[in-house]
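Okay, so here's the structure we're looking at.
Please treat every number below as a calculation from the coordinates, not as lab data. None of the values given here were measured: they were computed from a predicted structure. When we count neighbours, we look across all protein chains shown, and the Cβ atoms used for this are built from the backbone with ideal geometry, even at glycine.
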């Protein structure tokens, strides 16, 4: 076996290693750039810019806060004017008078505040807010704390009624509503949203507020506008379900306008037959709604018939003949339930049959 030597590899010269010189570090205060390319001068300028930007932002926040407070004060004043009459001296004056009264009595009692606001929770809430702001601006810390506690107490006890008055202030504050009617409607609304929805009771109250023909329609319209405003508020005075129930009831109550005209026509005919009759249409309709809400039994129907028709059977029958169509037109919502409605209509027919029988019997006895 022949042994062959390996081939000779070429020898290349090795390049000398270059010495690496470390980079010079930036000396603080020299203005030279650091490892990241940022000099101390640039850093100081950036910091100064941040300080200036923060100062501008703080100034803007102060201006915005001041404008917000001014806007809130203006809105509070506008709200107060909507709640009060046009002859009122203004919210600032009312707040100072309230503070003076409470300081004189040395007691920020809620009952005194409500008395000052004529029992109106919404007015009391607005005036208390303004009085508390005045106390804060005047540096009266003890008075501010006392007014804050009274305001919290008011919200706990009369929160729904206060919110109801505030949410509906614009609806009831229009110029075409006089002060007396405005106060009455606001009180009715406050009662309506404070408990369980009672559409019949609310309609009866609205009928009772009618001073002139056609005013019931106006009151009904204003109440529906108020409910719509309350529903759209950030914090409604009652649950949406309760407010929608009231809205549905008042929408249905538009039929009551037709019933009111029917009452006027029926009573007009009955006065010719029974001159002693002194019942006015609104009172008659209110009484009829009360009866239907409670079921309207036979005895109640007979008493109403004798009161309107008088002693003569023919006049009583004439009244029942006019009453039956009105009861049939009455919305289901204004009855206690469907069963009581059907029972009342059946009782009416039974009573008409009995009176007809008595009338015929009297007629036969007269001919005998």
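Per-structure values
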{"read-out": "Global form of the range 273-368, assessed from the alpha-carbon gyration tensor, a/c cut-off 1.5", "value": "oblate"}
{"read-out": "Label-point gap, in nm, between residue 360 and residue 118 - each point 7 angstrom along Cα→Cβ", "value": "6.2"}
{"read-out": "Cα gyration tensor shape of the range 169-252, rounded if a/c is under 1.5, else prolate or oblate by comparing a/b with b/c", "value": "oblate"}
{"read-out": "Length gained when the stretch residue 273-residue 194 is fully extended (0.36 nm per residue, less Cα-Cα span)", "value": "24.0 nm"}
{"read-out": "Sequence of 237, 340, 44 once ranked by neighbouring C-beta atoms within 10 Å, starting from the fewest", "value": "44, 340, 237"}
{"read-out": "Separation between Cα centres of the range 137-196 and the range 304-368, rounded to whole Å", "value": "47"}
{"read-out": "Relative contact order (%) - the range 169-252, alpha-carbon pairs under 8 angstrom, separation at least six", "value": "35"}
{"read-out": "Rel. contact order, % - alpha carbon contacts under 8 angstrom, at least six apart, the range 228-349", "value": "28"}
{"read-out": "Förster radius 30 Å - calculated FRET efficiency between residue 297 and residue 183, Cβ distance, rounded to 0.05", "value": "0.20"}
{"read-out": "Distance between modelled label sites at residue 211 and residue 251, nm, 7 Å Cα→Cβ extension", "value": "3.1"}
{"read-out": "Rg ratio (alpha-carbon, reference 2.2 N^0.38 Å) - the range 185-304", "value": "1.19"}
